[in-house]
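Notes follow the structure.
The values are calculated or read from the model by the stated rules, or taken from the named source; none is laboratory data. Predicted, not measured: the structure shown is a model, and the values here were computed from it. Reconstructed Cβ throughout: ideal geometry from the backbone, glycine too, with neighbour counts over all protein chains shown. When the accessible area is computed, the model is the full protein with side chains, heavy atoms only, and any ligands, DNA or RNA have been set aside. Shrake-Rupley method; radii C 1.70, N 1.55, O 1.52, S 1.80 Å.
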Amino acid sequence: MRIRQIELFRLIVRHGTLTAAADALSITQPAASKLLSQLESRVGLELFERTRRRLILTREGEVYAAEVERAWEGIQRLHRTAVDIRQLKFGRLNIAAMPSVAGSFLPSIVTSFSQKKKGVSISVHARTSERIHEWAIAGQIDIGFTHNRATHPQVSSELLTRVQEVCVMPSSHRLADRQNISPKDLDGEQFVRIGDIGDVTEADQVFLDAGVSRKLNLETPMSLVACDLVANGAGVSLVDELTAGSYGRPGLVYRPFVPTVFSEIWYVRPKMLRASGIAEEFLAAVRTSISKLDKPASKAADAHQTSR
């Protein structure tokens, strides 16, 4: 069975005549008739009833046609995959980043890079670190930025930087006038926790060591969602300074947290895909941008208050 025979079969179903199907394939009617005969002989089924003007599917032909459509979609996927591979070779960059990165310094880097590389097609996806790891394992991205190392052997990981966490709160909160926030300041406070159920984060350990009990009624894996919850009156939270500094909704302020707690930014990539020159150049631009992110939280809080 050949692809050409399947293609002819689909065209006959669509147009209803052998002549129209032959014209669509740019072949002669005798050649089309031969292809159809070969297909029916191969599958051992009479697929059409022959009438004077049209070819009508038999019951067996209807069942076969349904399977052909499913198989044809698979063939089309193979074609699209081949196109994607070619585009990757000639200038495509697939990037996935956790929201704190996707919503802070990454857009300016992507914009600048795109303006310099007119022929490069760039896709940017904001996802959780766990989903980015899954995509890297499957080879579906070129570059990923996550909050933790990937443990899978088929994924390469590199720590890019550590970002100080700050305490975010509504501008009307009782602690909003403080210069710094300590664990004891948050004793008994409604707290939006960032992390997964069962994990003990660095921030969790700080509160445990200080003997401070927070009211943990809400948690989320995304710092941007935590900011939204805090802005809606859900309590306070500790988020990375990148997210706090780029959060645009009014009514939220952030203050340095003491002792210092850090969030990490990791670069991950699939080992099954050889790193392209474009990906390496983009990563170099990211490293340059990150090297400039050294503003202390105390200064940043004064310079950028989201209550504006």
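Annotations
- The smallest convex shape that holds all Cα atoms of the stretch 72-219, its convex hull, gives 187 Å³ per residue.
- A 1.4 Å probe run over the chain, with the rest of the protein chains in place, finds 54 Å² accessible per residue.
- Relative contact order of the chain, pairs being alpha-carbon contacts under 8 Å that are 6 or more residues apart, as %: 20
- The relative contact order of the stretch 163-244 comes to 47 percent, based on Cα pairs under 8 Å that sit 6 or more residues apart.
- Selection among Gly277, Leu186, Leu78 by position relative to the dipole of the chain gives Leu78 as farthest towards the positive end (Cβ unit charges, Cα centre).
- For His125, distant residues with modelled amide H under 5 Å away: Ile95, Ala96, Ala97
- Fully extending the segment from Thr28 to Leu159, taken as 0.36 nm per residue of separation minus the present Cα-Cα distance, adds 40.9 nm.
- Computed over the chain with a Gaussian network model linking Cα atoms closer than 10 Å, the most mobile of Leu39, Leu160, Leu224 is Leu39.
- The value of relative contact order for the stretch 22-104, using C-alpha pairs under 8 Å at least six residues apart, is 12 percent.
- For the residues Glu158, Glu280, Glu69, a GNM of the chain with alpha-carbon springs under 10 Å puts the largest fluctuation on Glu69.
- Portion, in percent, of the accessible area of the stretch 1-123 that falls on carbon or sulfur, probe 1.4 Å: 51
- Most mobile listed residue (Ser289, Ser41, Ser213) in the chain, GNM with C-alpha springs under 10 Å: Ser41
- For the stretch 126-228, the share of accessible area belonging to carbon and sulfur comes to 47 percent (1.4 Å probe, ligands and nucleic acids excluded).
- Charge dipole magnitude, Cβ of K and R +1, D and E -1 - the stretch 214-259, Cα centre, debye nearest 20: 180
- Per-residue [θ]222 nm for the chain (sum of -39500 (n - 2.57) over DSSP H runs n ≥ 4, rounded to 500): -13500 deg cm²/dmol
- Here each label is just a point 7 Å from Cα along the line to Cβ, and for Val63 and Lys271 those points are 4.8 nm apart.
- C-alpha long axis of helix 106-116 to longest principal axis of the chain, angle in °: 50
- Packing-based ranking, highest mean first, of 164-170, 116-122, 105-111, 266-272 given that Cβ atoms within 10 Å are counted: 164-170, 266-272, 105-111, 116-122
- Here the alpha carbons of the chain define both size measures, Rg and Dmax, at 29.0, 90 Å.
- Spatial offset of the stretch 225-243 relative to the stretch 98-133 amounts to 23 Å, using the alpha carbon center of each.
- For the stretch 27-66, trypsin sites (Lys or Arg not before Pro) are listed when DSSP marks them as loop and at most 11 other Cβ atoms sit within 10 Å of their Cβ; the list is Arg52, Arg53.
- The charge dipole of the chain, taken about its Cα centre with unit charges on the Cβ of Lys, Arg, Asp and Glu (plus for the first two, minus for the last two), comes to roughly 1500 debye.
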